[in-house]
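Peer 1: Handing you a structure now.
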Amino acid sequence: MASFKTDLYQHLLLLAVFLSVSGVRSFSELFFIKEPHDVTVSRRDAVVLDCQAHGEAPIGIRWLKNAAALTESERVYLLANSSLFISEADSRKDKSDEGFYQCLAQNKYGSILSQRARLTIAGLSSFTQQPASITVMEGSVARFSCKITATPPPIITWEFNRVTLPLATERITVLPGGVLQIQGVERADAGSYRCVAVNMASRRRSSEAELTVTTAPSPRVPQRPRIIAGPQNLTVALHSTALLECMATGNPRPLISWSRSDHKSIDVHKTKVLGNGNLLISDVKPQHAGIYFCRATTPGTRNYTIAAANITVLAAPSLVEWPESVTRPRAGTARFACVAEGSPKPQITWLKNGEPVHSNGRVKMYNSKLVINQIIPEDDGIYQCQAENEQGSVLAMARLIVVMSDNRPSAPRNIRAETVSCSAILLAWEKPMYNSDKVIAYSVHYMKAEGLNNEEYQIVIGNDTTRYIIDDLEAGRNYTFYIVAYMPMGASRMSDHVIQHTLEDVPLRAPELSLTSRSPSDIQVSWQPLSHKLSRGRVSGYRLSYRTSTDGAVTQLELSGHKTHHLLEGLQPDTTYLLRISAATSVGWGEPSAWTSHRTPKASSTKVPLAPVLQLESLNCTTVVLRWHLPAGSTTGLQGYKLSYHEESEPAGPPTQVPPHQRQHTIGGLDPRKKYHVKLLAYSLMGEGYQADQTISTPGCVSVRDRLVPPPPPPHHVYARSNSSSSVFLHWARPAFTGGQMVSYTVRCNPVGLQNASLVLYLQTAAQSLMVTDLDPNTNYEFAVRLHVDQLSSPWSPVVYQNTLPEAPTRAPVGVKVTLIEGDTALLSWKAPDELNIAVTRYTILYASRRAWAAGEWHILQREGSVTMALLENLQSGLVYLVKVSASNQMGDGPFSPAVELTVATDGHTPRGHGSAPGTAFSDGFYHLDQRSMTGIVVGVCIALTCIIICIFILACRSKTRKSSTTKSIRQAGGQTPPTAVRLANQSQDESVEVMMPMMRDHFIDAKGGTNLIINSCGPVKPTTEKKKRKRWSFFKRDKKDVKRVSSPSYSYHHGTTLLCYTESSPQHPPSSLQGLFGPTGGDSEGSHSSEGSHETCDSGRYSHDDTEATNLSMGAGSHPASLQGEDSEASDRKTPVHEGTEKKLHPHVILMTLQKQEMMEQHPV
């Protein structure tokens, strides 16, 4: 029965899983089985692009080319399986078949769009770079290169005297990018070279280049390594191949090595070296991205040079999170999520039934999500998320099913709108015709009627009214309205839409003026039209007023509303004029702008540059971008620009010099909602040119109070890496925020610890990365990024710090001095090169006598960058030495300092050198000592070692003697038994004492009956052969009997244990003289003279080897307690007590007692 229930349960479980899977499968009513893929074909080849969909029939297939419907023809048509067939691919411009293709599948549930497929027709253009003739020295290196544009990428080979060269030999390397490298050039290499490019489209040969080989001088002069073809920055696709070239020359031939700036190891499985040092990375992956260093080093030396390049890996989009199909009721909310990753970051777009989704009041797209509010039946369909970047695209789909209620009310009727004022409209309606009694509320929806992606606003009101005034509208705008009735389980359809406009008002603000002069007697006045929000209606006219700064008479001109500029003529040269403007609507005139000053140029025959054409743009509430260009003929002899700006009603600041090649400038750090005057002029060798004046108002930084939305978060994951000594590459991630508008970024850059705020650099970009250039080498910079979207500015991101790479030293060390401090030793000192921001990691010292210098034989010393002195040793007397120093770092070596002479005099003569010689010199950070000092140190060390060895030997001998001793004597002070020991027997009945009793070690002798029975801890054993009698301590014996020696350790008895003891009595004899001197024979300070043969019978069965205090507990008048003398001094001997006793008559007494250590110590003080 149990087995039957189990089988039934398993069958039901399988059925439930099958039904659930079937339900999920049936929910996908339409999907693709085959989709088109990228293809490259030759001209006039046939092309087939596959497309096959599965779902509920009937299914229709349409094709799109470049997002437009594809028209079929005799050459381009659909096959029976819905695939697209092109009989002859054409590449002519007017009939080209190249482009992006997609197929659209449709059935009754909706439509879906396939992924994009690119059709490319193979081609081979002419060479963009031809190989050039070169002349090289025999034994050096030669390099030829050619470039050509082709699809697909061609295979490039090289010919020598029109004979194909092999791709790789011991000296010749052909790189895939069209580069030919020849190492160790020989006479036979001279001749003609050309490259040949081949792909599926055609074959092309370049022009020929001659290689001329000259004879090398003998002997060859040593040359520092020099990279003649370094690696270039690469941007490669995922799983492709990356090649970094590095070719160097020098004598001897330099060695090439590679490393990464992040110190990570280079992937040896995917990397190989082509030729003499070119790095080839196959199957590129994201971890291969980074900065690579090519280093050329002279063999056997530390002379090297470095070149760097950055590899950026691009990846096609891949989905991390897919949208899921949902079922929602009418007036509900549906949310679809879609997250993709790739490089560059993919852009997310949404499609409904194959058509792009546009944001409006109900439908919003933000942070890769699609949100549909107030769902209506028309929202039912198939939605697709498309992630796309330059490497490709990927799509995912989901369906929205809208559930309708049968008893929902009908839509509200007779919608009417009436304008109340410039910012308010009255809206009225009638209740639904059906089921109006089920209405619990109304929602009023409105948005601007003009433009796309306008935000929709919603207001919910009760069911007790059918009128409502919306009073937060803009003046002079058209709005569209509709109403929805709600019931507990759903909502009605939308009502009919109604459009109504608000009344006009006077302009909120005057236009911003831009002033320039074309001659000394005119001013060109121009302005930008006001926005709808500022004009508050249609502008009907402008009023321009002007006067001189010294005359109060104002001249007014009224201009039509469509004009944006006016030329004032007949003015006085070299005179300051004040101008202002106001705008009007049908309601009246607005407030005029503030007076703006402009000075007309001086009347002169000198031809100076005309005023630049200036454009100002507010990037955000604190940043303004200036763009300009000069009129034709004004760039002759241009020296630069002078830029100044100041806030209105504030004095003008000093001008800023701008280079002549620059045509854009960013002004940051401004105050929001302020008006600024900007002035720009060009100057040349002839003098300062005409000035351009313009005003601009910064917008307000939108806050929660202004827009009821928080500002966007700052960019995150800001990453910086040094690309060179003057550039840093920045990259950051775009934050998640509401809204799909275009964004821009401001990058702030300045050296760490900068005090002058005017030197802070602000850079603008729309990308998520930026290469910051023109930086100082070996300088620590701080970077921060902020985001701008729809006049919203985020806070600055957390600051990241990055050091630029250092430059190789360009100057030699200074202050080089050399002084002879001994007969054959000289002290050399110098100072670091006089260069800012140059790090020195190593100094190289060359010195040689004049004769060795003529032969090119130098002695080489190297010191760390923190050391600025060295000792020159083993100098020969009577010679003149030449010394020079150079500085180096990881980027290369600097020049050598001028040679400094040092004369090493013969004995008895005063040496001649540079500087003064101290008594003690430094060498590599340590003191240099003379021969006497060194001899004293060596002798002292030898004596100390000898003493240590003697002490170790003595300690070893003493330890060996203690281990070999089988008996020990305990000395008693005064040679007599302490009187307190005699009284111990009488006090033992009512006092408990804890003592250390001698226990058996390996075995002991039962001395009661005088037998030879030996008992150990495991029981009786056979007696061993009696050893020889020891005579060493025979003078301690009182008769001629042999003494049985038992070596037993001391064991500790704990408080509360039971002890079985034996007591013995022996005839009393007066102590001998030796006994009086050494004390009685027997155990050590932890043992008892009369306890030989006693053993422990504790219940616990544990033995303790602790070195604790002990005494002897004896019973009877004839007992002799052990001496406690010397316990402190001989504590180290307690671990191996040895008991030596005499032959005695034993009287066993069994005593049960509780031992207490404290009382025992009181009875037997040490």
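The values are calculated or read from the model by the stated rules, or taken from the named source; none is laboratory data. Values in this document were obtained by computation on a predicted structure and should not be read as measured data. Here the Cβ is made from the backbone with ideal geometry for all residues, glycine too, and neighbour counts use every protein chain on show. With ligands, DNA and RNA removed, areas are computed over all heavy atoms of the protein, side chains included. Shrake-Rupley method; radii C 1.70, N 1.55, O 1.52, S 1.80 Å.
Peer 1: Would the stretch 157-198 count as rounded, prolate or oblate if I go by the C-alpha gyration tensor, calling it rounded below 1.5 in a/c and otherwise prolate when a/b exceeds b/c, oblate otherwise?
Peer 2: Cα axes put the stretch 157-198 in the oblate bin.
Peer 1: Now for a separate question. Determine, for each peptide in 648-659, 504-515, the mean count of other beta carbons within 10 angstrom over its residues, then list the peptides with the highest first.
Peer 2: Order by mean packing, descending: 504-515, 648-659.
Peer 1: What part of the accessible area of the stretch 397-505, given as a whole %, is carbon or sulfur when the probe is 1.4 angstrom?
Peer 2: Accessible surface attributable to carbon and sulfur in the stretch 397-505 totals 48 percent.
Peer 1: Mind jotting down a quarter of the surface of the convex hull over the alpha carbons of the stretch 74-145, in square nanometres, one decimal?
Peer 2: Mean orientational projected area (the stretch 74-145, Cα hull): 10.0 nm².
Peer 1: Which peptide among 444-451, 106-113 comes first, and what is the full order, when sorted by highest mean count of other Cβ atoms within 10 Å?
Peer 2: 106-113, 444-451
Peer 1: Taking a probe of 1.4 angstrom, what is the accessible area of F127 in Å², to the nearest 10?
Peer 2: About 30 Å², rounded to the nearest 10.
Peer 1: Please say if the stretch 391-490 is rounded, prolate or oblate, where rounded means a/c under 1.5 for a ≥ b ≥ c the square roots of the C-alpha gyration tensor eigenvalues, and otherwise the choice is prolate for a/b larger than b/c and oblate otherwise?
Peer 2: Note, shape of the stretch 391-490 comes out oblate.
Peer 1: Got a sec? Charge dipole of the stretch 193-351, +1 on Cβ for Lys and Arg, -1 for Asp and Glu; which of Q347, Q223, M200 is way out at the positive end?
Peer 2: Final value for the positive-end residue is Q223.
Peer 1: Next question, about the same structure. Between A632 and R205, what FRET efficiency comes out of the Förster formula 1/(1 + (r/R0)^6) with R0 = 45 Å and r the beta carbon distance, rounded to 0.05?
Peer 2: 0.50
Peer 1: Considering only Cα-Cα distances, which of the following residue pairs are longer than 30 Å: K642/K831; K65/K108; K34/K270?
Peer 2: Listed pairs above 30 Å: K642/K831; K34/K270.
Peer 1: Compute and list, largest first, the equivalent-ellipsoid semi-axes of the stretch 580-707 from the alpha carbon gyration tensor, each √(5λ) rounded to a whole angstrom.
Peer 2: The equivalent ellipsoid of the stretch 580-707 has semi-axes of 31, 19, 13 Å.
Peer 1: Relative to 2.2 N^0.38 Å, what does the C-alpha radius of gyration of the stretch 834-880 come to as a ratio? Two decimals please.
Peer 2: In units of the 2.2 N^0.38 Å rule of thumb, it is 1.45.
Peer 1: Can you compute the charge dipole magnitude of the stretch 410-450 about its Cα centre, using +1 on each Lys and Arg Cβ and -1 on each Asp and Glu Cβ, nothing else charged? Give it in debye, rounded to the nearest 20.
Peer 2: Computed about the Cα centre, the dipole is about 100 debye.
Peer 1: Related question: Using unit Cβ charges (K, R positive; D, E negative) and no other charged atoms, how large, in debye to the nearest 20, is the dipole of the stretch 361-487 about its Cα centre?
Peer 2: Dipole size: approximately 280 debye.
Peer 1: Classify the stretch 185-278 from the C-alpha gyration tensor, please: rounded if a/c falls under 1.5, else prolate or oblate depending on whether a/b exceeds b/c.
Peer 2: Oblate, because a/c is 1.5 or more while a/b does not exceed b/c.
Peer 1: Starting from the exponent 0.38 and prefactor 2.2 Å, build the expected Rg for the stretch 100-254 from its residue count and divide its actual Cα Rg by it.
Peer 2: 1.47
Peer 1: Rank-order 381-391, 333-343, 627-637 by packing density, defined as the average count of other C-beta atoms within 10 Å over each peptide's residues, highest first.
Peer 2: My ranking of the peptides, most packed first, is 381-391, 333-343, 627-637.
Peer 1: To continue, here is another question. What value in Å³ per residue do you get for the convex hull of the alpha-carbon atoms in the stretch 798-876?
Peer 2: 114 Å³
Peer 1: Give me the percent of accessible area attributable to carbon and sulfur for the stretch 506-657, probe 1.4 angstrom.
Peer 2: That share works out to 48 percent.
Peer 1: Which of the GluC sites (Glu not before Pro) found in the stretch 860-908 are in a DSSP loop and have at most 16 neighbouring Cβ atoms, other than their own, within 10 Å?
Peer 2: When the GluC sites (Glu not before Pro) of the stretch 860-908 are filtered for loop state and at most 16 Cβ neighbours within 10 Å, E873 remain.
Peer 1: For the stretch 222-289, with only Lys/Arg (+1) and Asp/Glu (-1) charged at the beta-carbon, what is the dipole magnitude about the Cα centre, in debye rounded to 20?
Peer 2: Once rounded to the nearest 20, the dipole reads 200 debye.
Peer 1: Considering the Cα trace of the stretch 265-331, what is its radius of gyration and what is Dmax, both in angstroms?
Peer 2: 22.5, 82
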